[in-house]
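What follows is a set of notes on a single structure, which appears directly below.
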Amino acid sequence: MARGFRRVFARKIDVTKRVPSVVWARDLHPEYWFMSRFYVACDLGQEQGRVMMGALHRDQLIISEGHCFPNRAVQGKDGLQWDVPHLYQQLLEGLRGAGAYDEPVDGVSCSSWAGDYLLFDKNGALLPPAFRGDARTGGMEKMLADVSWEEVYEETGIAKIPDTTLFQLGAEHPRRLKKATYLLPVADGFNYLLTGVPRVEVTSASPTQLFDPEGNAWSGYLMKKLKIRSDLFPSIVPSGTLLGPLREEIAKDTRLAEAKVVASCSHSLAAALAGLTAAEGERSAYLRQGTFAIMGAQLEAPLVNDLSRDLDFTNELGYMGSVCFHKRLPGLWVYEACQRIWEKENRQFDLDLLTHIASAATPFESLINLTDPRFEQPEDMPLKIQAFCKETNQEVPRKPGQIFRCILESMALFYRKTLQQIEYLTGSHIERLYLLGDGANDLLNHFIANALQVPVVIVSPNAAAVGNIVVQALALGHLQSIEQGREMVRKALNAQTITPHPAAWGDAYDRFEALTAEPPAASAAEAPA
């Protein structure tokens, strides 16, 4: 590998070291190798990274997982960090696996979650460390000392989340920023490592909280007021922008000489939504499950007002100028904290067993307010749940199955409350919910459908890669329209839909509302225009 590229990791890792090429997990049928188009989607998730290969053959889309690897945070002196050298090596290994087929790969693109960033010096070398945003504190308070929160929200439409790029910069060391030539969101940073072309794709620019969606540009107002160097931020490009070929040494090493790197949708959520199979005109919402959840709807324009700000809704740009209007919600955090306690007590419950015993527990026996401050820390979580139920004069869940059911029912009811807020703010009745993520839990999925009383579509866990590949194909002229791409996705994935059943969720929701500490969503006088 070229000596210049080795500088990227400042001699801390031998980037020339190779490991054996991977074998693709599921080979494509031989007939699809003839007259097909091939793409590689590199998705850097919070816990794992995956290199996925997609093939377009006539009117069919085939997805294959090529290489999967852990994305573990590294504990550094000043907090948790991205292990960029490890991820880069694994990314190259996945590309070598794609090149081993000796078939022309047309496109390569990276996606990841938003907020975190990489810094590079004038020679293109990475300036370590690359922090994980949830490990940094104090930045938000520092920034809001010089600009009001109301101004930030009005300018960007992004909710008050401590790990946005804006607030992370408040915790950044000035000397490190002085050395930096470029600041790039993580996925755009890896696209830069592959091409040497520094660009920020719009779906990852938006969540930085330094982007003006009305002007479709970096916020000069915030940068000037907060004394942030505007020259740190490369040009913003639309979703589906061709960045150029792989660096010469990477193309030779991976045998992908014909591949073009595309800035598809660098934000993984935007990529997943780009490939959704929603029918034209359908009024739908989406819910991404995980340790924390995200729930929202796609709009045609930002929705920024006092009420959306007070209810913590964010406006992030999606594919083709759409707006991902959503808020961050409690997810499986409370359950995961309980599971760790039970494991320490030598009580092993895998998810299937816990689901089975939870399904046999009494429905709606006890509910919790997941936003109660006591649940923000993981210690003694089962005891905290029991204490909350006792304080609110409910049955106290004693057994793991009862506790698990309490958590899942409370989550489903919380999502119902959020859906009502979305409908109120947007003035639209939601007809369908698309469930993103790894499927979470079948019992929870049915609870969500019944609580919300709308059909729930279980989206493939490969949704981000699918959307990434669809946008690549559009950028390269291999698909004529996003509708054509979504029709191919619809045929390829055959998503499961859960139909809601009438149940006693109405009375349970009335109880849940009484337990939550939030004020009413709004009065009639506060209704948005």
Legend entry - Neighbour net charge for Ser206 - beta-carbon separation under 11 angstrom, K R +1, D E -1: -3
Inset, instruction - With θ set to phi - 60°, apply the Karplus curve 6.51 cos²θ - 1.76 cosθ + 1.60 along region 302-312 and write out the HN-Hα couplings as whole Hz, x wherever there is a Gly or Pro. - result: x, 10, 10, 8, 4, 6, 4, 5, 5, 8, 6
Inset, instruction - With a Förster radius of 35 Å, plug the Cβ-Cβ distance of Ile357 and Asp102 into 1/(1 + (r/R0)^6) and report the FRET value to the nearest 0.05. - result: 0.10
Inset, instruction - Could you point to the residue in Gly115, Pro198, Gly138 farthest towards the positive end of region 107-221's charge dipole, with +1 and -1 charges on the Cβ of Lys/Arg and Asp/Glu respectively? - result: Pro198
Inset, instruction - Provide the gained length on full extension for the span Asp78 to Ala503, in nm with one decimal, where the gain is 0.36 nm per separating residue minus the Cα-Cα distance. - result: 148.0 nm
Inset, instruction - Compute the relative contact order of the chain as a whole-number percentage, counting only Cα pairs closer than 8 Å that sit 6 or more residues apart in sequence. - result: 14 percent
Legend entry - Amide hydrogen neighbours beyond the local backbone of Arg283, cut-off 5 Å, H modeled: Glu431
Inset, instruction - Could you pull out every residue, at least 5 positions away or on a different chain, whose amide H is within less than 5 Å of the one on Cys110? Hs are placed 1.01 Å off N in the peptide plane, and Pro or chain starts have none. - result: Cys42, Ser264
Legend entry - For q = 0.06, 0.08, 0.12, 0.13 Å⁻¹, Debye-computed log10 I/I(0) when each Cα of the chain counts as one equal scatterer: -0.29, -0.53, -1.20, -1.38
Inset, instruction - Send over the per residue convex hull volume for region 188-272, Cα only, as a whole number of Å³. - result: 96 Å³
Inset, instruction - Be a star and scan region 176-214 for residues whose amide nitrogen sits under 14 Å from the point 7 Å along the Cα-to-Cβ vector of Ser235. - result: 197-202
Inset, instruction - Can you quote the Å³ per residue value for the convex hull of the Cα atoms in region 376-470, rounded to an integer? - result: 155 Å³
Inset, instruction - Count charges around Asn445 for me, please; just the other residues with Cβ under 15 Å from its Cβ, Lys/Arg as +1, Asp/Glu as -1. - result: 0
Legend entry - Average Cα contact separation per residue, region 241-354, under 8 Å, 6 or more apart, as relative contact order %: 20 percent
Inset, instruction - Compute the signed sum of charges (Lys and Arg +1, Asp and Glu -1) over the other residues within less than 12 Å, Cβ to Cβ, of Ala387. - result: 0
Legend entry - Size descriptor, Kirkwood hydrodynamic radius, that averages inverse alpha-carbon separations across region 293-444, Å: 17.0 Å
Legend entry - Net dipole in debye of the chain [+1 Lys, Arg Cβ; -1 Asp, Glu Cβ; about Cα centre; nearest 20]: 1920 debye
Legend entry - Antiparallel DSSP beta bridges within the chain, as percent of all bridges there, nearest 5: 70 percent
Legend entry - Mean-position separation - Cα centroids, region 95-171 and region 261-282, in angstrom: 19 Å
Legend entry - Farthest toward positive dipole pole in region 426-493 [+1 Lys/Arg, -1 Asp/Glu at C-beta], among His478, Asn450, Ala463: His478
Inset, instruction - May I ask for the longest run of the chain untouched by trypsin sites (Lys or Arg not before Pro) that are loop-located per DSSP and have at most 11 neighbouring C-beta atoms (other than their own) within 10 Å? - result: 399-529
Inset, instruction - Report the extension gain between Thr392 and Lys224 in nm, rounded to one decimal, defined as 0.36 nm multiplied by the number of residues separating them, less their alpha carbon distance. - result: 55.6 nm
Inset, instruction - State, to one decimal in nm, how far the label point of Val147 lies from the label point of Lys252, with both points 7 Å from Cα in the Cβ direction. - result: 4.5 nm
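A short reminder: the numbers here are calculations on the coordinates, not readings from a lab. Bear in mind the structure is a predicted one, so any value in this text is a computation, not a measurement. Cβ sites come from the backbone with ideal geometry, for glycine too, and all protein chains shown count toward neighbours.
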